[in-house]
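Trainee: Pasting a structure below so you can have a look.
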Amino acid sequence: MYKMNRLIGFSTGVLFQSVKDTVSREMLEICQDIGCNAVEINCHTYPRDIIRLKEMYYYWRIFGNAFKHVSVHLPSCLKYDENSSPKLFQIQYAITQFLACSGMKYALVHPDCVLDFDIFDTWFQQIAIENMDNRKQLYTTAVELQDLLAEHRKLKFVFDVQHWAVNNNSIEDIPHIIDELSDKLVGVHLSGEGSDKYHVPVCRTKQQNLVESLQNLPLHIPIILEGVCEDVAEMKRELDYVTNILT
């Protein structure tokens with residue numbers, strides 16, 4: 001069970017190597033059983049995961065009291081503009097239906113996938129973007145993010161610690177970035193930096209400094225753990241490692 005009055009949990013994609021269905025009752029049960037009070041539904045694949053998100057409407061009541069925070073990561077394999085309107089209508093419908101049963105706090109989209117941010121004007125209002133990793137050309141710096149959020153004032157922000165680190169940004173600057181964008185901040189992604197620059201558990205890399213950079217994060221801002229775990233046992237170790245540091 002989590003050890004503090006903090007919103008913390010996992011992306012449902014962290015066991016994708018063994019649990020192929022990331023949008024599933026199985027992953028929600030795992031997150032519930034290890035004591036998470038937050039969860040992010042990882043809809044990585046279109047249309048499969050969007051279809052399964054709609055199906056959650058029928059059994060979400062089982063988890064209604066388990067999670068104090070619920071968010072959804074939208075597919076990153078699409079381009080979000082008016083030319084994709086049939087696909088986006090399907091996504092919007094799934095989001096609206098899931099919102100009705102779950103009280104979802106925000107839907108997260110990769111900003112480099114969005115060609116027209118105005119398409120979200122008729123969507124659920126809590127659309128969030130995150131800073132990108134070293135594989136992307138845009139939205140990796142604080143200035144780019146600040147400019148985007150200033151131009152599109154309805155957008156919210158999720159800060160990804162690992163993405164920040166793999167771009168060789170200063171870890172010491174993380175509290176300042178979080179403070180500067182506090183009026184937009186709705187969540188944090190946390191994971192370690194592996195040798196391949198991908199998401200791994202911080203309990204494996206022992207990058208305590210990444211966790212410590214969140215010491216002053218307000219308790220109401222959820223921390224979503226994204227390190228890809230070998231099994232449920234490693235998920236438990238990751239949750240314990242992070243909560244012990246932040247206690």
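The values are calculated or read from the model by the stated rules, or taken from the named source; none is laboratory data. Remember, it's a predicted structure, so these values are computed and weren't measured experimentally. Glycine also receives a Cβ, built like all others from the backbone with ideal geometry; neighbour counts cover every protein chain displayed. Please note that ligands, DNA and RNA were not included when accessible areas were found on the heavy atoms of the full protein model with its side chains. Shrake-Rupley method; radii C 1.70, N 1.55, O 1.52, S 1.80 Å.
Trainee: How much length is gained if the chain between Asp240 and Asn168 is pulled fully straight, taking 0.36 nm per residue apart and subtracting their Cα-Cα distance, in nm to one decimal?
Mentor: 23.2 nm
Trainee: Determine Rg/Rh for region 113-247; Rg is computed over alpha-carbon atoms and Rh is the Kirkwood hydrodynamic estimate from the same atoms.
Mentor: Computed over Cα atoms, the ratio is 0.97.
Trainee: Determine how large the accessible area of Lys184 is when every protein chain is in place; take a 1.4 Å probe and give Å² rounded to the nearest 10.
Mentor: Rounded to the nearest 10, the figure is 30 Å².
Trainee: Roughly how many nanometres apart are two label points built 7 Å out from the Cα toward the Cβ at Asp116 and Arg48?
Mentor: With each label placed 7 Å out from Cα toward Cβ, I get 3.0 nm.
Trainee: While we're on this one: Across the Cα atoms of region 105-171, what radius of gyration and what greatest pairwise Cα-Cα distance (Dmax) are found, in Å?
Mentor: For region 105-171, the Cα radius of gyration and maximum Cα-Cα distance read 11.9, 37 Å.
Trainee: To check you understand DSSP bridge types, tell me what percent of the beta bridges within the chain (both residues inside) are antiparallel, rounded to 5.
Mentor: Antiparallel: roughly 5 percent of the beta bridges in the chain.
Trainee: Quick check on the chain: helices-only [θ] at 222 nm, where DSSP H runs of length 4 and up contribute -39,500 (n - 2.57) each and the sum goes over total residues. Nearest 500, please.
Mentor: Value at 222 nm, helices only, nearest 500: -9500 deg cm²/dmol.
Trainee: Could you please state how large a percent of the accessible area of the chain is carbon and sulfur, counting protein chains only and using a 1.4 Å probe?
Mentor: Of the solvent-accessible surface of the chain, carbon and sulfur hold 48 percent.
Trainee: In the chain, how does Rg compare with the Kirkwood Rh, expressed as the Rg/Rh ratio over alpha carbon atoms?
Mentor: 0.93
Trainee: Identify, among Phe159, Pro175, Leu190, the residue whose Cα sits farthest towards the positive end of the charge dipole of region 156-206, taking +1 on the Cβ of Lys and Arg and -1 on the Cβ of Asp and Glu, with the dipole about the Cα centre.
Mentor: Of the options given, the answer is Leu190.
Trainee: Which order do Glu234, Glu226 take by accessible area at a 1.4 Å probe, largest first?
Mentor: Highest to lowest solvent-accessible surface, that is Glu226, Glu234.
Trainee: Now for a separate question. Counting only the heavy atoms of the protein chains, how much of Ile30 is accessible to a 1.4 Å probe, in Å² to the nearest 10?
Mentor: Its heavy atoms expose roughly 30 Å² to the probe.
Trainee: Can you give the three extents of the C-alpha atoms in region 35-82 along their principal axes, from longest to shortest, in whole Å?
Mentor: 37, 20, 17
Trainee: How many angstrom lie between the Cα centre of region 188-247 and the Cα centre of region 1-65?
Mentor: 17
Trainee: Continuing with the same structure: Using the heavy atoms of the protein chains alone and a 1.4 angstrom probe, what is the accessible area of the chain per residue in square angstrom?
Mentor: Ligands and nucleic acids excluded, the figure is 45 Å² per residue.
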